[in-house]
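Below is one structure, written out as structure tokens; comments come after it.
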Amino acid sequence: MGQLFAKKHKAEPPPNVDQDDMALLDLKTHRDKLQQSSRKLEQRASKSHEVARTLVAEGKKTQAMLALRRWEQQKRLGEDCQNHIARLQELIASIEMAQLTKGTVDALKTGVAMMKRIQQDIGGVDQVQRLLGEQEEVQEAQQEIAAMLAGEGGVEDAEMLSEFSRLQEEAALSTLTKADAEAPATTETLAPDTVPVEETPQPVSEDKVELVEKATVSGTRAATPALVPA
Amino acid sequence: MTAVVMADGKDFQFPAFYQLPPFFTLQPHAGVRAKQLELWKQLISEYCSFHRLFIINLTEEPLFRNASLPRQLPFEARLALAEHLVTHSAALWADEVEAKEAPKKERLLVLWRSVSAWADLILQWATENALIGSVETVQGLIDGEAAQGQEFYGAPRALIMAALQELQRRNRATIFRSSTGAEGVKFL
């Protein structure tokens, strides 16, 4: 199908085939033709040689000489053919090399253009310096913000710590009260209704803290110990 | 399966059914005929592959004649066989690939390797020789120095063209003619 098309429009190559390809094809076709005629001449020469040999055997000198002359001529033509082929091959090789060189140059060109474009995007040394300066500023600001945030957190911590130590105190206080419950109660804070404190040592410290909290919130100490053993 | 060595077939091992006279008569029953044609198809493929035979002439081919019987496949049967081969893409009409007008149904291009497989071989050769992107003459593929020793070296032009057209279908080659009408291919 492609062949038919090509036949009708000889000058118009199909896509992805350019004039260079066509010219190269002509060269290679000519090389093929030369190779064919070289083969033909070789065969003819050997045939002439064969004829000459039989003619010599038959004693026909003049005819043998004629055959030999043909042989010599065909041999010479064959050599010419080989020379042409070699020259064509050299030409083809140098064309293909030139095409490669052109390809290399083209590749370099696009590479350089790309490099330039990227550098343009980067925006030169000033831009980079400016950016670096800005980055420093931004970083400093970020550090300030971070420090600030850390400070606030510290405030919170302090609050928490103070609360924690208050709770600790309370806990210590409650253990003290327990001890007092076993021994005769002396402390003013101890109410007489805090008798079942004996059960409080068993629960874990967490519960104890909870207990103390509840105790502080409600203020009624009698209700809390009843909850603990459950 | 006992194989018989024929004197004119060199070392080709003919299958046993090659010695059976009915094998050389087109069978009337459709089922039997289909089986017979299939056997012939296999035989032709193996025979041509063994002898590296690309083109068989329907009227001349000695394979259709078994001298030891003596029997030969009648022409109508050969034609039916040829059509069977063509429809099963085991062969192409040799003159159809090149000249599109009025192909003579006489010479059969036997595809003991499928067109696609031939195309693969050519493409592999082109890849190995770094010919992708370069131009080659069709003639150069057939008998050029670069193609020497290749499986497709010396193959008929019709086969090479069919394989190149397959490559063109796959977008791995472009077949084109130069301004002087020389036929070439550019591997892609």
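Structure notes:
- All other residues whose Cβ lies under 13 angstrom from that of B:ALA126 are scored, Lys and Arg at +1 and Asp and Glu at -1, for a net of 0.
- One quarter of the surface of the convex hull around the alpha-carbon atoms of chain B equals 12.5 nm², the direction-averaged projected area.
- With both labels modelled 7 Å from their Cα along Cα-to-Cβ, the B:PHE17 to A:GLU96 distance reads 4.8 nm.
- Charge sum, other residues only, whose C-beta stays under 15 Å from B:LYS41's C-beta, Lys/Arg counted +1 and Asp/Glu -1: 0
- Where the Cα pairs of region A:19-122 fall when distances are cut into 5 Å bins, in %: 3, 11, 13, 12, 9, 8, 8, 7, 7, 5, 4, 3, 3, 3, 2, 1, 1, 1, 0
- Within region A:26-41, backbone nitrogen closer than 17 Å to the virtual label 7 Å beyond the Cα of A:ARG76 toward Cβ: A:41
- Peptides B:143-149, B:170-176, B:33-39, A:159-165 ranked from most to least packed give B:170-176, B:33-39, B:143-149, A:159-165, packing being the mean of other C-beta atoms within 10 angstrom over each peptide's residues.
- Nearest-20 debye value, region B:30-186 charge dipole, Cβ charges on Lys, Arg, Asp, Glu: 420
- Cross-link pairs exceeding 19 Å between alpha carbons, from the set A:LYS33/A:LYS75; B:LYS35/B:LYS104; A:LYS40/A:LYS60; B:LYS41/B:LYS104; A:LYS28/A:LYS75: B:LYS35/B:LYS104; A:LYS40/A:LYS60; B:LYS41/B:LYS104; A:LYS28/A:LYS75.
- Structure-based [θ]222 nm, chain B - -39500 (n - 2.57) summed over DSSP H runs of at least 4, per residue, nearest 500: -12000 deg cm²/dmol
- Shown in residue order for region A:68-74 are the 3J(HN,Hα) couplings computed by the Karplus curve 6.51 cos²θ - 1.76 cosθ + 1.60 at θ = phi - 60°: 5, 5, 4, 4, 5, 4, 5 Hz (x for Gly and Pro).
- 3J(HN,Hα) couplings calculated from phi for region A:28-36 with the Karplus curve 6.51 cos²θ - 1.76 cosθ + 1.60 (θ = phi - 60°) are, in sequence order, 5, 4, 5, 4, 4, 4, 4, 4, 5 Hz; Gly and Pro show x.
- Long-range HN-HN contacts of B:ARG71 with modeled amide H, under 5 Å: B:ASN66
- For the listed peptides A:137-144, B:41-48, a ranking on the average number of other beta carbons within 10 Å per residue, highest first, reads B:41-48, A:137-144.
- Contact surface B-A: accessible area buried, both sides summed, square angstrom, 1.4 angstrom probe: 2100
The values are calculated or read from the model by the stated rules, or taken from the named source; none is laboratory data. What you are looking at is a predicted structure, and each value in this text was computed from that prediction instead of being measured. Methodologically, a virtual Cβ is constructed for each residue, glycine included, from the backbone with ideal geometry; neighbour enumeration extends over all protein chains shown. With ligands, DNA and RNA removed, areas are computed over all heavy atoms of the protein, side chains included. Shrake-Rupley method; radii C 1.70, N 1.55, O 1.52, S 1.80 Å.
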